[in-house]
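**Student:** Next up is a structure, given as structure tokens.
The values are calculated or read from the model by the stated rules, or taken from the named source; none is laboratory data. All figures in this text were calculated on a predicted structure; none of them were measured in a lab. Here the Cβ positions follow ideal geometry from the backbone for every residue, glycine too, while neighbour counts run over all protein chains shown. Accessible surface is based on the protein model in full, side chains and every heavy atom, while ligands, DNA and RNA are left aside. Shrake-Rupley method; radii C 1.70, N 1.55, O 1.52, S 1.80 Å.
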Amino acid sequence: MRVRALVIRILRQIIRDKRTIALLLFAPILVLTMLHLVFNGEEYVPKIGLVNVPPAMNSQLDFENATIKAYKKLDAAEEDLLNREIDSYIHFINNQPSVVLEGSDPTINGVAMKQIERALKKLQSTDNEIASLEVEFVHGSAHMGQFDYFGPVLLGFFVFFFVFLIAGVSFLRERTTGTLERLMASPLKKWEIVVGYIIGFGIFTMIQSTVIAAYAIYVLGMLMEGAFIHLLLIILVLALTALSLGILLSSFANNELQMIQFIPIIVVPQIFFSGLFNLETISSWLNWIAPFTPLYYAAEALRDVMVRGYSINEIYLELLALCGFSVMFMLLNIVALRKYRKI
């Protein structure tokens, strides 16, 4: 009887907590649906450029599953390759082909080279094997591993996740212990409270982000082609975004469990748009969400700096997008203090 009474009490608690019931049902369905749309997407079709192809050879080139773009000038192909409008191009010099790969994604490199080798197979003489084909890389190299490509994305995700969690739980504790109530009764304005909390938590997140980035690069040996200061700037702006979002969502939670419930709905779905999966292969029902997620811009900026060696002039748009998210979350925090927090 006592066990029965305990079971009934627990069931009643769960039934009364509508958010928990929604999480138990909605979150798994959401994640499974995303996985279905991601893994049932189309295979990646490489984009290959052809530069100065001799007419006699052009008729023999047969690409089974690739998007082909012809160029008359080498400069145009190089520019499109740098802008990632094509994945590689074949340049013919004295009827001898050479291949240039963008190189930052090992998976795309493999798919593109497979198509190129098939197409050039008919052009190879018996004394000239395919393995002798000259291949150059704009970024990365033939020895670049998957960890080098996915590492920047993972680095950004872990910073975002832990800062979001720590900030949300810590700010929630400020509310539940009455600290925030006393601050609201003081002469401090609401925007001053929001900015003060963000700066206070931000100092800690700056230290945390620096340590994580330094460990990944100098201890784990993660590929780093750009300047560390640029990487650190991206990490700090991303941490600020996660910090402001965590504080915002904590206003709608009454305890730590409810704060953690936001993770599978807010944080986990962003993994699918952060660069771990190629957006071109994801179902069109899903890939349009990517530009509305902070990790989409952070992962792109991190990869540009760490893998492609870009400078601040080439990643400023991603930084502005992250700053825009931060400002939006801060403004929503001020509104939430006025309308939603019962203090």
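**Student:** Is it fair to say G140 is small (G, A, S) and within 28 Å of L101 (Cβ to Cβ)?
**Tutor:** yes
**Student:** Is at least one residue of segment 320-339 crowded, with 16+ Cβ neighbours inside 10 Å, aromatic (F, W, Y) and assigned to a loop (DSSP other than H, G, I, E, B)?
**Tutor:** no
**Student:** Restricting to segment 162-183, what's the tally of residues that are surrounded by 13 or more Cβ atoms within 10 Å (Cβ to Cβ) and either out of contact with any Ser or Thr (no Cβ under 6 Å at 6 or more places or on another chain) or not hydrophobic (A, V, I, L, M, F, W, C) (or both)?
**Tutor:** 15
**Student:** Also, quick follow-up: Regarding L248, is this residue buried (at least 19 other Cβ atoms within 10 Å of the Cβ), in contact (Cβ under 8 Å) with a residue 60 or more places away in the chain, under 14 Å from G156 (Cα atoms) and among the hydrophobic types (A, V, I, L, M, F, W, C)?
**Tutor:** no
**Student:** Sort out which residues of segment 64-85 are basic (K, R) and either surrounded by 14 or more Cβ atoms within 10 Å (Cβ to Cβ) or closer than 14 Å to N109 by Cα (or both), and write them in order of number. I'd like the intermediate steps shown before the answer.
**Tutor:** So in segment 64-85, the residues basic (K, R) come out as 69, 72-73, 84.
Scanning segment 64-85 gives K69, R84.
**Student:** Something else about it: When you go through I207, I229 one by one, which is the residue that is under 21 Å from V169 (Cα atoms), among the β-branched types (V, I, T) and either assigned to a loop (DSSP other than H, G, I, E, B) or open to solvent by 100 Å² or more (accessible area, probe 1.4 Å) (or both)?
**Tutor:** I207
**Student:** Cβ-Cβ under 6 Å, sequence separation 6+ or interchain: first residue in segment 207-221 and over 15 Å from L236 (Cα atoms), partner modelled with pLDDT under 85. Which pairs?
**Tutor:** Sorted first by the residue in segment 207-221, then by its partner, the pairs are A216/M222.
**Student:** Can we say F273 is over 19 Å from N83 (Cα atoms), within 13 Å of the chain's Cα centre (by Cα) and open to solvent by 30 Å² or more (accessible area, probe 1.4 Å)?
**Tutor:** Details: over 19 Å from N83 (Cα atoms): yes; within 13 Å of the chain's Cα centre (by Cα): yes; open to solvent by 30 Å² or more (accessible area, probe 1.4 Å): no.
Criteria not met by F273.
**Student:** Looking only at segment 278-312, count how many residues are without any contact (Cβ under 8 Å) to a residue 60 or more places away in the chain, open to solvent by less than 40 Å² (accessible area, probe 1.4 Å) and not polar (S, T, N, Q).
**Tutor:** 1
**Student:** Could you tell me which residue of segment 210-225 is least open to solvent (accessible area, probe 1.4 Å), considering only residues that are over 14 Å from Y149 (Cα atoms) and not β-branched (V, I, T)? Before the answer, list the steps.
**Tutor:** Taking segment 210-225 and keeping what is over 14 Å from Y149 (Cα atoms), we get 210-215, 218-219.
Applying the additional criterion that residues be not β-branched (V, I, T) yields 213-215, 218.
On the way: A213: 0, A214: 30, Y215: 117, Y218: 157 Å².
Here the residue is A213.
**Student:** Of the conditions (1) touching a residue at least 40 places away in the same chain (Cβ under 8 Å); (2) part of a helix (DSSP H, G or I); (3) touching an Asp or Glu at 6+ places or on another chain (Cβ under 9 Å), M57 satisfies every one except a single condition; which number is it?
**Tutor:** For M57, the exception is condition (3).
**Student:** Does segment 100-111 contain any residue that is of a type in the set (D, E), open to solvent by less than 30 Å² (accessible area, probe 1.4 Å) and either assigned to a strand (DSSP E or B) or modelled with pLDDT of 75 or more (or both)?
**Tutor:** Our first condition is that a residue be of a type in the set (D, E); within segment 100-111, this holds for 102, 105.
In the following step, the residues that additionally are open to solvent by less than 30 Å² (accessible area, probe 1.4 Å) were identified as 102, 105.
Cutting the leftovers down to either assigned to a strand (DSSP E or B) or modelled with pLDDT of 75 or more (or both) gives us 102, 105.
There is at least one residue in segment 100-111 that is of a type in the set (D, E), open to solvent by less than 30 Å² (accessible area, probe 1.4 Å) and either assigned to a strand (DSSP E or B) or modelled with pLDDT of 75 or more (or both).
**Student:** Taking S88 as meeting all but one of (1) touching a residue at least 24 places away in the same chain (Cβ under 8 Å); (2) of a type in the set (S, T, N, Q); (3) open to solvent by 20 Å² or more (accessible area, probe 1.4 Å), write down the number of the exception.
**Tutor:** Just one mismatch for S88, condition (3).
Yes/no per residue for (1) at pLDDT 80 or above; (2) in contact with a Leu (Cβ under 8 Å, 6 or more places away or on another chain):
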site	(1), (2)
V163	yes, yes
T179	no, no
Y215	yes, no
I229	yes, no
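**Student:** Let me ask something additional. Please go through segment 48-63 and pick out each residue that is surrounded by 18 or more Cβ atoms within 10 Å (Cβ to Cβ) and modelled with pLDDT under 85.
**Tutor:** V53, L61, listed by residue number.
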